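The values are calculated or read from the model by the stated rules, or taken from the named source; none is laboratory data. Predicted model only: the values in this text are computed from it and were never measured. Positions of Cβ are generated from backbone atoms using ideal geometry, with glycine treated the same way; all protein chains shown enter the neighbour counts. The protein model used for the area step is the full one, side chains on, heavy atoms only, and it has no ligands, DNA or RNA in it. Shrake-Rupley method; radii C 1.70, N 1.55, O 1.52, S 1.80 Å.
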Amino acid sequence: MSKLRLGIIGVGNIGSGHVGNILAGMSPEVEITAAADRRDSRREWFKSVLPDVPVFNEGEDLIASGLCEAVMICVPHYQHPTLAISAMKHGLHTLVEKPAGVYTLQVREMNEEADRHPELTFAMMFNQRTNCVYRKLKEMIDSGELGRLKRMSWLITDWYRTQMYYDSGAWRATWAGEGGGVLLNQCPHQLDLLQWLCGLPVRVQAFCHEGKWHDIEVEDDVTAYLEFENGATGVFVTTTGDAPGTNRLEITGTRGKVVCEHDKLIFQRLSADEREWCASCPEGFKKPDWETIEVETDGENPQHPGVINAFAAHILRGEPLVADGREGIRGLMLSNAMHLSSWLGHAVDIPFDEDQFKDLLFERCKTSRRKQDADITFSTEGTY
């Protein structure tokens, strides 16, 4: 069997999880041929599990080593575009962990570099797109089964994090080191799914509370109101401070309402299009009839290995990716718009002034906290 020679840049929390999955045989077409990490402790850990595989201090050294055909980038967010651009310039296929970057201008540079290398595969680690529930929901929306989108709401408050989580790394939860909080670290998956399912909103009004539940300088509690091009509206609520928390996505269309919660899709399907019923029903209070069904899915949810396997299959045989890397800018555009709206104190349109966002972000970086690195690594298993 032909195998993809993969280098992993960053073997901390999520990177070590990828290493473990590959070593467990979950990606049979992938072979780890190099790794890199700036922390001594993580390099020593990697040597303990793959003693014969070279490990570098810097991702740039791995990229230039010639040991890999492809790289997976699992480092702090600001470095994602920088390392991806370097990898592509060296002729390497590139898989980037979420988010695509911190601000859209740097991600545009990454996408432009990808466009200069059509022979290379560029992918984004949007593992939630592999979830059978979201895949089926997208199928229902795209087929018109829900009718025209009217309203969506996502209450995603089960991203609980302790103070120790934020204290575990010097870069975490700082403007200079991470570039944001729950919107940039935990919620890129939901923001990507939101735009993948419903389309990108055209206007956002957000309230981002910084350090509300933790001793951090970035947002850990967000409520946002969204407007879509067709007039539909939405609400997005998230935090890392609620326990036990909720993950409930509700989408209402003119043909009914679907609720995604507890790994199930419950569809209340109307007997008639609500807009047509509203205009023609002779009674003042009567709703159209509906039936409630649990929507069947294929049951498959391969998560991270599914994205890695699709990445390898695309390189080896031209099979479809889970998410092209260029798509990463869309969810980031939404999180940048939420930050910008909160900072300015009013609604912002999408597209927004990307230079203004960058300037305001970098102003915050100037006074960003400098923390001591605790050199702690957590297992991410079961947290996504």
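A few notes on this one:
- Debye-sum result for segment 294-347 in log10 I(q)/I(0), which assumes one identical scatterer on each alpha carbon, at q = 0.14, 0.17, 0.22, 0.31 Å⁻¹: -0.63, -0.74, -0.86, -1.10
- Mean Cβ neighbour count within 10 Å, used as a protection proxy, ranking 24-37, 2-15, 315-328, 276-289 highest first: 2-15, 24-37, 315-328, 276-289
- Candidate aspartates and glutamates for bridging to residue 98, where Cα separation is under 19 Å - those fewer than 8 sequence places away on the same chain excluded: 37, 109, 112, 113, 158, 178, 192, 219, 220, 324, 327, 381
- Rounded to 10°, Cα long-axis angle of helix 104-115 versus longest principal axis of the chain: 70 degrees
- Estimated [θ] at 222 nm from DSSP helical runs (n ≥ 4, -39500 (n - 2.57)) normalised by residues in the chain, nearest 500: -10000 deg cm²/dmol
- Centroid-to-centroid separation of segment 256-312 and segment 133-193 [C-alpha atoms, Å]: 20 Å
- Quotient of Cα Rg and 2.2 N^0.38 Å for segment 193-304, N being how many residues it contains: 1.37
- At R0 = 35 Å, FRET efficiency that the Cβ-Cβ distance of residue 279 and residue 246 yields, to 0.05: 0.50
- The mean sequence separation of alpha-carbon pairs under 8 Å and at least six residues apart, normalised by the residue count of the chain, gives a relative contact order of 21 percent.
- FRET efficiency estimate (nearest 0.05) - Cβ-Cβ, residue 145 to residue 112, R0 45 angstrom: 0.75
- Sorted largest first, extent of segment 265-306 alpha carbons per principal axis (Å): 54, 16, 12
- Between segment 9-47 and segment 95-118, the Cα center-to-center distance that results, in Å: 23 Å
- Surface composition of segment 40-123: carbon plus sulfur atoms hold 48% of the accessible area, using a 1.4 angstrom probe and ignoring ligands, DNA and RNA.
- Given their separation in residues at 0.36 nm each and the Cα-Cα distance between them, residue 360 and residue 64 gain 103.1 nm when the chain is fully extended.
- Residues residue 293 and residue 347, FRET efficiency given R0 of 51 Å [Cβ-Cβ distance, rounded to 0.05]: 0.85
- Globularity index of segment 328-375 is 1.38 (Cα radius of gyration / 2.2 N^0.38 Å, N = number of residues).
- Relative to its residue count, segment 117-156 spans a Cα convex hull of 143 Å³ per residue.
- Calculated SAXS-style log₁₀ I(q)/I(0) at q = 0.17, 0.23 Å⁻¹ - segment 34-155, Debye, Cα scatterers: -0.93, -1.26
- 24 Å Cα-Cα reach of residue 47 towards lysines, excluding residues that sit fewer than 8 places from it in its own chain: 3
- Cα Rg over Rh - segment 273-365, Kirkwood: 1.21
- Largest first and in whole Å, the equivalent-ellipsoid semi-axes of segment 77-230 read 26, 25, 14, each the square root of five times a Cα gyration tensor eigenvalue.
- Cα-projected label distance for residue 215 with residue 313, points at 7 Å along beta-carbon direction, nm: 4.8 nm
- Per residue, the accessible area of segment 23-95 comes to 42 Å² when a 1.4 Å probe rolls over the protein heavy atoms.
- The trypsin sites (Lys or Arg not before Pro) of segment 73-124 that meet both conditions, a loop assignment by DSSP and at most 16 other Cβ atoms within 10 Å of the site Cβ, are 116.
- D by Stokes-Einstein for the chain, Kirkwood Rh over Cα pairs, 37 °C, 0.692 mPa s: 150 µm²/s.
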